[in-house]
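Below you'll find the structure, written out as structure tokens, and then a few comments.
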Amino acid sequence: MNLELSPADQQFRAEVRAFIERNLPHDIREKVLTGKRLAREDYLRWHRILYERGWSAPSWPKEFGGPGWTPIQQHIFDEECGLAGAPAIIPFGVRMVAPVLMRFGSREQQEYFLPRILSGEHWWCQGYSEPGAGSDLASLKTRAERRGDVYVVNGQKTWNTLGQHADWIFCLVRTSTEGRPQEGISFLLIDMKSPGITVRPIELIDGEHEVNEIFFDNVEVPVANLVGEENRGWTYAKYLLAHERVNIARLGEAKRELRQLKRLAASRPSGGRPLIEDPRFRSAIAELEIDLLALEYTVLRVLSHESPDRDPGPVSSVLKIRGAELQQQLAELKMLALGPYALPHIPEALDFGWQGEPEGAGEWAPITGRYFNMRKTTIYGGSNEIQRNIIAQRILGL
Amino acid sequence: MDFELDTDQLLLQETLQRLLARDYTFERRREIVKSPWGFSEEFWRSLAEQGVLGVGLPEDHGGFGGPVEVMVVMEQIGRSLVLEPFLSTVVLGGGLVRDAGTPEQQSDILPAIVSGDCRMALAHHEPGARYSLDHVRTIARRRGDGFELHGRKTIVLDGAVANLLVVSAWDEAANGLSLFLLDPGTPGVERVRYRTHDGRSAADLKLEGVVVPAQRLLGPPGEGLTLLERAVDQAVAALCAEAVGAMEALNETTLEYLKSRRQFGQPIGRFQALQHRMADMYVMATQARSMSLLATGRCTDPDAVTRRRAVSAAKAFVGKAARFVGQQAVQLHGGMGISAELSVGHYFKRLTMIEMTFGDTSHHVAVVGDAIAAEAH
Ligand SMILES: Cc1cc2nc3c(=O)[nH]c(=O)nc-3n(C[C@H](O)[C@H](O)[C@H](O)COP(=O)(O)OP(=O)(O)OC[C@H]3O[C@@H](n4cnc5c(N)ncnc54)[C@H](O)[C@@H]3O)c2cc1C
């Protein structure tokens with residue numbers, strides 16, 4: 001046993017850190033660190049900088065143009081990005097559809113799509129959920145009917161994260177109603193510019209536009225955009241979900257939030273002293289730090305015997321549950337640290353460079369909205385209830 | 001002991017329920033939220049017409065009832081997520097004028113509250129105070145036979161819609177806090193208004209050489225803190241009742257959802273994990289109601305120690321319950337819980353704001369803790 005990173009990994013960390021330090025644009029970094037709105041172009045700018053360096057797809061093997069990093073190196077990279085205030089890599093292309101294409105896609109699909117994901121030319125979104133099919137994803141109803149060399153798609157997807165920015169959407173569609181519901185699902189790649197697609201924003205409780213409904217009205221999709229075999233989409237979808245869950249722990253970001261929480265608690269007065277000297281508040285922060293450490297070392301254990309292309313299996317549910325809960329608790333404590341200043345809702349203050357009058361608004365405005373918004377983490381990516389079912393059934397055999 | 005409402009109180013409850021069902025549907029509320037400061041003059045007038053704005057105020061000025069009636073109203077306000085400034089105007093402002101006002105102030109202000117003409121806000125909180133009531137840097141200097149105010153106030157709840165403020169200031173001559181009635185349009189008052197996360201509004205105030213005549217001093221000079229503590233305890237009890245109304249409505253909505261939302265070929269309420277969660281939400285709301293009754297019964301207790309301890313215990317418990325019920329109601333609704341479309345998210349936000357108003361859970365636990373320590377000496 002050895003808890004230290006190898007000298008090579010330590011050096012790798014130093015290299016990543018130095019690169020981010022030199023190349024992450026100041027304005028983007030500020031936006032991320034202060035919780036301001038990021039534009040599509042902000043994400044893309046950073047993506048292109050990473051692309052130039054060969055790092056835009058940290059999890060990809062060399063044969064597809066990735067850096068070929070070990071899981072530990074990927075973890076170090078994510079952590080450094082998170083801590084430094086780099087925007088999160090939009091996962092839908094790089095981390096979700098790409099692994100599916102690498103494993104199950106045709107040669108043509110790989111050659112067309114993967115380089116465009118790598119370069120940032122294509123922004124992807126995920127079309128799994130429907131109004132009637134959330135946790136029970138297999139009950140999805142969006143239909144794709146084959147007519148000659150196209151599929152004609154009709155139906156509705158919902159909760160599509162940042163679908164308003166997307167060039168492409170990967171969709172689970174029903175191609176057969178025979179047999180078990182899982183057996184009639186196919187995995188389609190759809191150009192968002194196709195006639196018949198309508199994107200409608202959904203307003204979330206923080207007042208922001210992050211997710212959408214997407215309607216398909218006789219949308220024609222070339223048969224060449226079917227991934228793998230017809231009616232085998234469920235296998236691919238599950239493969240993808242497992243990839244989604246490991247990453248969901250978001251340790252780098254959590255560490256950054258913890259650091260900010262400590263700073264906030266040190267700067268907010270309470271009874272004439274800094275809040276961090278309030279024993280109750282301090283204990284709450286300490287407990288979070290301990291929980292985060294427990295998660296971090298669990299992630300490291302999982303990663304240290306994972307090979308780059310192996311499905312981590314049901315243990316990823318452990319990471320999803322705790323990662324989601326910790327993100328929520330961090331957001332909650334930051335909100336609590338504000339005391340009465342948790343109340344103001346000043347949406348303009350989420351724009352970078354805004355200077356307004358109410359006390360503390362510029363700095364604190366994002367915090368309460370984030371608390372509300374982060375309730376999503378235990379709902380999406382397979383809700384925490386569903387993850388507990390997975391642990392109970394697949395790990396514990398109950 | 002008797003925890004039941006009497007016939008007049010039940011009548012008040014029914015009257016309000018009828019009014020809200022007719023004039024304050026979730027759709028109507030959504031429109032009011034969209035108005036500049038989250039306030040409907042029309043609805044405020046309807047509350048006045050039904051006599052609701054006189055609750056807890058003296059009968060000779062058009063009011064009726066006491067803390068129990070306030071509780072009845074606040075529960076309905078919680079259930080319907082009413083945005084209008086009942087708490088600030090009637091409980092805090094009206095309560096202070098009732099308890100400390102001169103006969104002239106009372107006959108000037110109280111009937112105007114009852115009729116809906118006067119909307120009040122308490123301008124007390126200042127930067128750095130967090131939840132302590134005695135942190136006031138705004139000063140009041142004697143000027144002729146009146147005063148001059150200098151300072152800043154922040155998070156003045158309902159301060160964006162109020163036309164009469166109660167301002168606290170350190171009264172140099174009296175060596176204590178004094179309270180002043182102030183028209184927000186007075187020269188030297190600068191008001192920055194903004195919205196709050198629950199669809200309501202607030203304001204920050206700058207006071208620079210604001211002249212207040214002697215007859216606008218509210219209560220004896222230097223006695224402001226005692227008056228405020230009493231008023232805030234009553235407001236906290238009222239907030240507990242509002243939270244109980246909101247939690248119960250939220251639990252009903254969530255229960256409905258568990259029965260109607262189907263996944264895996266069955267209502268999600270069939271899953272035992274969710275049944276237990278819903279049961280816990282019910283357990284919390286049930287006890288929160290008990291604590292709200294306790295706070296209502298004790299919030300006017302002349303013994304400040306007894307009063308404070310009961311009110312803080314209630315706020316601490318209700319705050320904990322509000323957080324649990326709010327978060328879990330969102331969770332049980334899945335993605336729909338995060339969307340602004342359903343009422344769930346709006347209850348969650350209001351419950352959060354209630355927890356953060358006049359002392360969060362941790363603050364009130366500490367108050368009870370201090371009382372325990374004092375008792376041990
Ligand atoms: C902010 C946000 C972003 C999202 N982004 C995307 C996206 O980009 N693409 C996409 O396809 N989807 C996305 N989703 C959708 C997300 O995956 C679903 O919300 C999730 O699968 C839950 O489905 P649901 O919302 O329909 O809730 P439901 O499935 O209706 O669940 C309601 C409640 O029932 C519980 N429940 C359900 N089944 C069981 C069971 N068997 N046992 C115990 N409890 C159960 C759930 O845990 C939940 O508490 C997003 C969601 C959110 C909130």
Inset, instruction - Please find, among A:A84, A:A133, A:A98, the residue that is assigned by TED's automatic domain parsing to the domain that holds A:Q11 and at pLDDT 95 or above. - result: A:A84
Legend entry - Residues of the stretch A:345-381 that turn out to be facing chain B (nearest Cβ under 7 Å) and either closer than 30 Å to A:A133 by Cβ or open to solvent by less than 20 Å² (accessible area, probe 1.4 Å) (or both), as a count: 8
Inset, instruction - Give the stretch A:370-398 a look and list any residue that's more than 13 Å from the ligand (Cβ to nearest atom) and in a helix (DSSP H, G or I), or say none. - result: A:Y371, A:R394, A:I395
Legend entry - A:G105 vs. criteria surrounded by 20 or more Cβ atoms within 10 Å (Cβ to Cβ) and either at pLDDT 95 or above or more than 16 Å from the ligand (Cβ to nearest atom) (or both): yes
Inset, instruction - Considering only the stretch B:304-350, state which residues are within 16 Å of the ligand (Cβ to nearest atom) and among the hydrophobic types (A, V, I, L, M, F, W, C). - result: B:F324, B:V325, B:A329, B:V330, B:L332, B:M336, B:I338, B:A340, B:L342, B:V344, B:F348
Legend entry - Test for B:P127: is it in a helix (DSSP H, G or I) and free of Cβ contacts under 8 Å to residues at least 60 places away in the same chain: no
Inset, instruction - Mind checking which strands (runs of 3 or more DSSP E) fall wholly inside the stretch A:145-204 and carry at least 3 residues that are more than 13 Å from the ligand (Cβ to nearest atom) and on the phi < 0 side of the Ramachandran plot? - result: A:150-161, A:185-191, A:197-203
Inset, instruction - Kindly indicate whether B:S362 is at pLDDT 95 or above, within 30 Å of B:L225 (Cβ to Cβ), in contact with a helix residue (DSSP H, G or I) (Cβ under 6 Å, 6 or more places away or on another chain) and open to solvent by less than 30 Å² (accessible area, probe 1.4 Å). - result: no
Legend entry - Which listed residue is at pLDDT 95 or above and crowded, with 21+ Cβ neighbours inside 10 Å, from A:I90, A:I117: A:I117
Inset, instruction - Give A:L338, A:L396 a once-over and let me know the one that is open to solvent by 30 Å² or more (accessible area, probe 1.4 Å) and more than 7 Å from every other protein chain (Cβ to nearest Cβ). - result: A:L396
Inset, instruction - Take the stretch B:252-279 and flag every residue that is open to solvent by less than 80 Å² (accessible area, probe 1.4 Å) and either more than 16 Å from the ligand (Cβ to nearest atom) or more than 13 Å from every other protein chain (Cβ to nearest Cβ) (or both). - result: B:T253, B:T254, B:L255, B:A279
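The values are calculated or read from the model by the stated rules, or taken from the named source; none is laboratory data. This is a predicted model, so every value here is computed, not measured. Here the Cβ is made from the backbone with ideal geometry for all residues, glycine too, and neighbour counts use every protein chain on show. Keep in mind that these areas ignore ligands, DNA and RNA; they rest on the heavy atoms of the full protein, side chains included. Shrake-Rupley method; radii C 1.70, N 1.55, O 1.52, S 1.80 Å.
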